[in-house]
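Visitor: Below you'll find the structure I mean.
Rule-based calculations on the coordinates, nothing more; no lab input. What you see is a predicted model, and the numbers here were worked out from it, not measured in a lab. Here the Cβ positions follow ideal geometry from the backbone for every residue, glycine too, while neighbour counts run over all protein chains shown.
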Amino acid sequence: MDGIIFLQWAFDAVLGLGLLWLAWRALNSSDLFKAIVLFIAFGLLMALAWVRLNASDVALAEAAIGAGLTGALLLAALARLETMTDQNVSGVSAHPAHPPSPTPAGSRFSRGLLILLLSASTAGMGYAVWSLPSYSTGLSMDVAAHLDSSGVSNPVTAVLLNFRSYDTLLEMIVLLLAVLGVWSLDGLPPQPEKPPATVLETLSRFLTPVFILVAAYLLWVGADAPGGAFQAGSVLGATGVLLLLSGWRPRARLMQWPLRLALTTGAGAFILLGLLTLLLEKQLLAYPVAQAGRMILLLESLATVSIAATLAILFLSVSSGHKMKTGKEEKE
Amino acid sequence: MLIGLLNIDWGVITIMLPLAGGIACVLWPAMSKPAGLISVTGVVLAIAGLGWRIMENGTYRHAVGGWGAPLGIDLFADGLSLVMLIMTALVGLGISFYAKRFFSPCDAVRFWPIWLLLLAALNALFLSADIFNLYVALEMTGLAAVALTALTGRIDALGGAMRYLLATLLGSLAYLLGVVLLYHDAGSVDIATLAQRIEPNAAVWTALGLMSAGLALKTALFPLSFWLPPAHASAPAPVSALLSALVIKASFYILLRLWLELFGAFAEGVSMLLGLLGAAAILWGSLQALRQTRIKLLVAYSTVAQIGYLFLIYPLALVSNGMAASMAAYLAFSHALAKSAMFLAAGNLMQFGGHDRIADLDRAVQRLPLTVAAFALAGVSIMGLPPSSGFVGKWLLLDAAMSQGRWDLAVVMIIGGLLAAGYIFKVLGYAFTQAEVPHDARAVPAEMEWAALLLAIGAILLGFMAPQIFALIHPDLAVNASEAGTVWTA
Amino acid sequence: MTNAFLYAFAGIGLFVLGLHALVVHAHVLRKILAVNVMGSGVFLVLVALARRSGEATSDPVPHAMVITGIVVAVSATALALALMLKLAGKSGEAVLPGKHND
Amino acid sequence: MPMQTLYFALALFLLLNLCAGMWRVLRGPSTADRMLAAQLFGTTIVAILLLLAQASGSPALRDVALVFALLAAVTAVAFVQRVWPEDRESEHDRD
Amino acid sequence: MTATDYAAACLFILGGIFFFAGTAGLLRFPDVYTRLHALTKADNVGLGLIVAGLVLQAESWLVAGKLLLIWLLVLFAGACVAHLVARRALRKGIRIWTE
């Protein structure tokens, strides 16, 4: 038996050190492209860390968002940055572009002071964490007690969509705010893309239905196993990213009110359902126990549509945004 | 019927109405201006209903989802959050009427949905009793504020917004790490449950330090105020007013709430530090404001200074005798009214002259009487001259400082008041003189001038209503409040 | 003795590494990466300490908080990238204008 | 019991394999080399996840592996289409 | 340790060896194209062997089906990406290594 314990400890130790080493190299690498690739690898190892901590839901979310969107977003932003500042940001070069700023004499002292301060706070935080009791159940007892009346059997989905559904409502608004913020910067770029190479065409043509199937599966399985709206929405969003990358652009007419409806449908459903339950049950977002399961599924499916549309539009705006404003907003 | 009106859940409506308004603006961009105004006036009425309900049957508590405190999230409103909500509603109303005429159609379509969601975030933040929920509300406020700051798209606005976004994300993450430590120490994220369970051990001390640092960064307390002037000065006028008057008060409110409920009992050392930084903020902010050549930068540095006054609450041991909540809320309310009036007046002067260089104000007082009057009245409140609310707040602070023998803080406050007078009269002086190079002037709509003036008059009128505000927060301290009133009339 | 504390210390290390990089580097893209690493660090501490509740189940509430946190972090990163690109488009370089802050 | 040990031993071996691949990301002369390494990490992670799913008996890890298998392509396509667009001749990729 | 366990163990070890070969190739080979070749080896054969071993251990056909689906997806995506990278590298003028 101790053989497995040792192997598990070795796995965790290598993973923990790997995370720290990757983060340090990613943040202090001489070249931006290398930094981003190291950061993508860091995201992969984070998913492994969640798996080792029995957090399958979080691992699924990290995988869907980290591998699906963050990597593509950073690469696209770097590419646009390079065309804009036409400096040699990526790739090998004698003098790496944007080396970490050289330390003039004056700031070497302040750099040392900063290191000192940071190591002191690390020690403080480390001691604080170490002094915590080694066994505590937190709120898991309360969740287990009320799980049967929450309408779903997966505790994380029960917390996200029922016990703390107010947090999820505010978080849908945060997603909407991100899109509004990005739109107010650059508007929506209806930039026509060249028809893709045949291989990319077949790749996206074959993968898209599989993505949609997997997203539907994750949404459905979310009620009683790791999965749910965020993971399904992120996978669907990654489908949008893949299609956008392979040159597909939604028709201009689709980009007006249908897109706005898709973006706001998640938050709108939460608000309407919330006010409905306020009238009937006297408490905001208090689902009647009988219909709790159905209501959660309705909320989750609309939230999936909203998250997917938001993530795809965020990628589109960041990756190919330019001065063009959206047509409709300009007219009135 | 009256009783029916009373037990409507006003707290929930103050959050849901602006959310619905924001989504309506996104769905139907053409109607964003009317939808925005209707939502803001609706919020003012809802908060009036909430105030009435609190006056009738004490603090307001609503268990969202019906699960109750440790498991679910509670909405909670007492006197302190009610005054902050009233501040948000009134200042928001004034700024909304100003923004009605300020923005071009294409900017208006972008301003209104983000502003309504920001208003909903502020209301959610002042009503929440759950520290993780406060984190999500803080992120919402931060993202909305950054999106509004970068609305104009000019280089200085983008630079200011970028610096502001990085600072606010850093502040939120420090606060979140504090939440993590508190949750794993006490097993709950609800403030009331935490208050009973935590005792001063290493984890709680570290959480206190992290949360105070994160929230001080978001409130731009002196050494961490590097991001405020570029962001507040380069944003469009109504957005600068929103940022200075409301957004930085949100993180100040959370720090105060945590202090009153959780950390107040055992955190003397840190309160000394916060007081020291507050005093330094007053001096540094005022001196920087004196040196500025542009009105909006001057007003932004004045914000950094006035924030210092708010942080003097901590060292003056007011927490023990219960005056801290009412003093802080009153000072925040008076600063919000005066500062928003100042920024709106600065916006008018910029629209009028095409620039905001103080030296070339060129007889602004003859040509924009209402705006300069608004700036002057707001200046009276910032300086702390009677009968303004600034005076009553600073007088009570001075009284508390002297009664506790803290002469150093008293001296700092007086110097702060003199420096404030310095930079206010500097602007007013130029407003009366003839500038060397006369330049063409564009007309400023009447609504914009009246919005600034009404907010400034509000700052003055608040001085008369001090006893009512104090009674709102501490019904049992009524006698003390009326004594505060008499102090003013004497 | 579960692996909770090992990952918690790794999380704190990530938080401090990110904070150091955020303060030291001038390029905005590096600062955005630093903020992401700090966020991952805080979430790692949150979930790692949740692992202290016995072998089988671990506390679901931190997991829900982290999922909310990850989605908030993605939207903040997207806004930061869009802001950086607009700033770089206007000013020709992706560094914060004005004096290099602290 | 020996099968459990084999699962964890192989998972550890693959993790060490992955860390070894890190060297290519650091030294890789051209951008393509770095992206290749990231591709290999994706596949190695899928293998590790499948082994851990069998070892710890939690079927959810297979869904995580499925998502990784699907999304590995997205990052690579983003690299090919965005960082290496056809028209712009980026001279720095000679090696 | 039944017969299938032994068979599965052999498949795992073989799979591990192929992964090791893939990584070694990635580190040792001189140019992009040869490294690409090594990378895809690790994909389809290394992962294939491990999935085969797991299929032997799988308790239900559904699980076995899911494992095979995952492997096929990795195969498909890996092949397409390898082609795209190679074609784009050639067009970018990265010379093929000739001794």
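Visitor: Whole-Hz ³J(HN,Hα) for each residue in the range B:29-46, computed from phi via Karplus 6.51 cos²θ - 1.76 cosθ + 1.60 with θ = phi - 60°, x for glycine and proline: what do you get?
Guide: So the Karplus estimates, Gly and Pro as x, are x, 4, 9, 5, 5, x, 4, x, 5, 4, 4, 5, 5, x, 5, 4, 5, 4 Hz.
Visitor: Given axes a ≥ b ≥ c from the Cα gyration tensor, I'd like to know whether the protein assembly as shown is rounded (a/c under 1.5), prolate (a/b larger than b/c) or oblate.
Guide: Verdict is prolate for the protein assembly as shown.
Visitor: Could I ask something else about it? Mind sorting E:LYS66, B:LYS394, B:LYS218 by how few other Cβ atoms lie within 10 Å of their own Cβ, fewest first?
Guide: Fewest-to-most Cβ neighbours within 10 Å comes out as E:LYS66, B:LYS394, B:LYS218.
Visitor: Further, regarding this structure: Local charge sum around E:GLY15 (other residues, Cβ-Cβ under 14 Å, Lys/Arg +1, Asp/Glu -1)?
Guide: 0
Visitor: While we're looking at this one, here's another question. Looking only at C:ALA76, C:ALA34, C:ALA48, which one moves most when chain C is put into a Gaussian network model with springs between Cα atoms under 10 Å?
Guide: Largest GNM mean-square fluctuation: C:ALA76.
Visitor: So how far, in whole Å, is the C-alpha centre of the range A:249-311 from the one of the range C:1-24?
Guide: 36
Visitor: Something else now. For B:GLY384, enumerate residues with amide H under 5 Å from its amide H, sequence gap 5+ or separate chain, H modeled in the peptide plane.
Guide: Result for B:GLY384 returns B:PHE391.
Visitor: Any idea how far the Cα center of the range B:57-104 sits from the one of the range A:109-130, in Å?
Guide: Here the answer is 38 Å between Cα centres.
Visitor: Which whole-number percentage describes the relative contact order of chain C, with Cα contacts under 8 Å and a sequence gap of 6 or more?
Guide: Normalised by residue count, the contact order of chain C is 30 percent.
Visitor: Each residue of the range D:79-84 in turn: what ³J(HN,Hα) in whole Hz from Karplus with 6.51, -1.76, 1.60 and θ = phi - 60°, glycine and Pro shown as x?
Guide: 4, 5, 7, 9, 6, 10
Visitor: Moving on. Given Cα pairs under 8 Å that are at least 6 residues apart, what percent is the relative contact order of the range A:1-87?
Guide: Working: 58 pairs, mean separation 20.6, N = 87.
The normalised contact order for the range A:1-87 reaches 24 percent.
Visitor: On average, how many beta carbons from a partner chain sit within 10 Å of the beta carbon of a residue in A:278-290?
Guide: Mean partner-chain Cβ count within 10 Å for A:278-290: 4.
Visitor: Mind checking A:234-241 for the average number of partner chain beta-carbons within 10 Å of each residue's beta-carbon?
Guide: Rounded to a whole number, the mean comes out at 3.
Visitor: Using amide H atoms built in the peptide plane, which far-off residues or other-chain residues are under 5 Å from B:ARG294 H to H?
Guide: Result for B:ARG294 returns B:ILE358.
Visitor: Moving to a separate point now. Which ³J(HN,Hα) values, rounded to whole Hz and listed in residue order, are derived for the range B:265-274 from phi using the Karplus coefficients 6.51, -1.76 and 1.60 in 6.51 cos²θ - 1.76 cosθ + 1.60 with θ = phi - 60°, glycine and proline given as x?
Guide: Each residue of the range B:265-274 in turn: 5, 10, 10, 5, x, 5, 5, 4, 4, 4 Hz.
Visitor: So if we plug the beta-carbon distance of B:TRP450 and C:ALA26 into 1/(1 + (r/R0)^6) with R0 = 45 Å, what FRET efficiency do we get, rounded to 0.05? Before the final figure, lay out the partial values.
Guide: Working: r = 45 Å, r/R0 = 1.00.
Computed FRET efficiency for B:TRP450 and C:ALA26: 0.50.
Visitor: Among A:166-178, D:1-13, how do they line up from the highest to the lowest mean number of other beta-carbon atoms within 10 Å?
Guide: Descending mean neighbour count gives A:166-178, D:1-13.
Visitor: Another one. Net charge near B:THR168, counting Lys/Arg +1 and Asp/Glu -1 over other residues with Cβ under 12 Å of its Cβ?
Guide: Its environment carries a net charge of +1.
Visitor: Give B:LYS249/B:LYS339; B:LYS33/B:LYS296; B:LYS296/C:LYS31; C:LYS31/C:LYS86; B:LYS249/C:LYS31; B:LYS218/B:LYS249 a once-over and call out the pairs whose C-alpha atoms are over 19 Å from each other.
Guide: B:LYS33/B:LYS296; B:LYS296/C:LYS31; B:LYS249/C:LYS31
Visitor: Please identify the chymotrypsin sites (Phe, Trp or Tyr not before Pro) of the range E:65-99 that satisfy two criteria: DSSP loop assignment and at most 13 other Cβ atoms within 10 Å. Which are they? Each step should come with its number before you reach the end.
Guide: Details: sites: E:TRP71, E:PHE76, E:TRP97; in loops: E:TRP97.
Those that pass, being in a loop and sparsely packed, are E:TRP97.
Visitor: Net charge within 11 Å of A:LEU160 by Cβ-Cβ distance, Lys/Arg positive one each and Asp/Glu negative one each, not counting A:LEU160 itself?
Guide: -3
Visitor: Continuing with this model, one more query. Taking 30 Å as R0, compute the FRET efficiency from the Cβ-Cβ separation of A:ALA145 and A:LEU279 and round it to 0.05.
Guide: For R0 = 30 Å, the calculated efficiency reads 0.60.
Visitor: What ranking of B:CYS25, E:CYS80, E:CYS10 emerges when the number of other C-beta atoms within 10 Å of each C-beta is taken as an exposure proxy, fewest first?
Guide: E:CYS10, E:CYS80, B:CYS25
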